[in-house]
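Following: one structure in structure tokens, then a few remarks.
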Amino acid sequence: MKTRTYADLDCVVLDTAPDPMVSIIWLHGLGADAHDFVPIVPQLKSAQAQPVRFIFPNAPIRPVTVNGGVSMRAWYDILGIDIDRNQDTDGIQASVTSVEQIITETAVETPHGVVLAGFSQGGAIALRTALGSSSPILG
């Protein structure tokens, strides 16, 4: 396990074997950090059967309105709890852009492609990125 910067985000990087062919970019949830899902990797038997690079980026630290403006790691601000509230479109787009940059930067290193994964806020950004990406996403 090592740390590395992709797209101006500090990331934890874990290769399951030398010369990984696929990258899995795994985004944590609100208030967590890049180390949140690292302990799961050894439990993923299919990831141990082939060389995979796991990239766990840290979301930026920003104030989160719904949490009283407390600064924490967040992929975007949550402005309120109402389902029909306005969204932090600038924060969402900035995170999508960062994930797209990670995809571009890893394309040469892991030529067979990228899988996006995420939990909570990270899942929302992974889904939004995958749906709008011009890069081929494996899953």
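The values are calculated or read from the model by the stated rules, or taken from the named source; none is laboratory data. Keep in mind that this is a model prediction, so the values were computed, not measured. Glycine gets a Cβ as well: all are built from the backbone with ideal geometry, and neighbour counts include every protein chain shown. Heads up: the accessible areas ignore ligands, DNA and RNA and are worked out on the full protein's heavy atoms, side chains in. Shrake-Rupley method; radii C 1.70, N 1.55, O 1.52, S 1.80 Å.
Given the criterion of a type in the set (Lys, Arg) and over 13 Å from Leu27 (Cα atoms), identify the matching residue among Arg85, Arg128. Steps first, please.
Values: Arg128 fails: over 13 Å from Leu27 (Cα atoms).
Going through Arg85, Arg128 in turn, the sole match is Arg85.
Hey, can you tell me all the residues within the range 78-103 that are open to solvent by 50 Å² or more (accessible area, probe 1.4 Å) and over 17 Å from Leu131 (Cα atoms)?
Leu79, Ile81, Asp82, Ile83, Asp84, Arg85, Asn86, Gln87, Asp90
Within the range 50-70, is even one residue closer than 21 Å to Thr97 by Cα, hydrophobic (A, V, I, L, M, F, W, C) and open to solvent by 40 Å² or more (accessible area, probe 1.4 Å)?
Going through the range 50-70, the residues closer than 21 Å to Thr97 by Cα turn out to be 53-64.
Still in the list and also hydrophobic (A, V, I, L, M, F, W, C): 54-56, 59, 61, 64.
Okay, now just the ones that are also open to solvent by 40 Å² or more (accessible area, probe 1.4 Å), so 61.
Yes; the residues of the range 50-70 include at least one that is closer than 21 Å to Thr97 by Cα, hydrophobic (A, V, I, L, M, F, W, C) and open to solvent by 40 Å² or more (accessible area, probe 1.4 Å).
Anything in the range 104-122 that is surrounded by 16 or more Cβ atoms within 10 Å (Cβ to Cβ) and over 11 Å from the mean Cα position of the chain (by Cα)? List them, or say none.
Correct list: Thr106, Thr110, Gly113, Val114.
Is it the case that some residue within the range 115-122 is hydroxyl-bearing (Ser, Thr, Tyr), in contact with a helix residue (DSSP H, G or I) (Cβ under 6 Å, 6 or more places away or on another chain), more than 20 Å from Thr3 (Cβ to Cβ) and in a loop (DSSP other than H, G, I, E, B)?
The answer is no; no qualifying residue exists.
For the range 91-108, indicate whether the set of residues that are in contact (Cβ under 8 Å) with a residue 12 or more places away in the chain and touching a Cys at 6+ places or on another chain (Cβ under 8 Å) is non-empty.
Yes, because at least one residue in the range 91-108 is in contact (Cβ under 8 Å) with a residue 12 or more places away in the chain and touching a Cys at 6+ places or on another chain (Cβ under 8 Å).
Could we say that Asp15 is surrounded by fewer than 13 Cβ atoms within 10 Å (Cβ to Cβ), of a type outside the set (Gly, Ala, Ser) and within 20 Å of Thr104 (Cα to Cα) here?
Taking the combined requirement at face value, the residue does not satisfy it.
Of all residues in the range 40-49, which are open to solvent by less than 70 Å² (accessible area, probe 1.4 Å) and without any contact (Cβ under 8 Å) to a residue 24 or more places away in the chain? Give the derivation first.
The first filter runs over the range 40-49 and keeps only residues open to solvent by less than 70 Å² (accessible area, probe 1.4 Å), leaving 40-41, 44, 47.
Correct list: Ile40, Leu44.
Of all residues in the range 16-35, count the ones that are touching a strand residue (DSSP E or B) at 6+ places or on another chain (Cβ under 6 Å) and within 10 Å of Gln50 (Cα to Cα).
3
In the range 123-139, what residues are open to solvent by 80 Å² or more (accessible area, probe 1.4 Å), part of a helix (DSSP H, G or I) and under 20 Å from Phe54 (Cα atoms)?
Leu127, Arg128, listed by residue number.
With the structure loaded, tell me whether Pro60 is touching a Lys or Arg at 6+ places or on another chain (Cβ under 8 Å) and either in contact (Cβ under 8 Å) with a residue 24 or more places away in the chain or farther than 19 Å from Lys2 by Cβ (or both) or whether it fails that test.
yes
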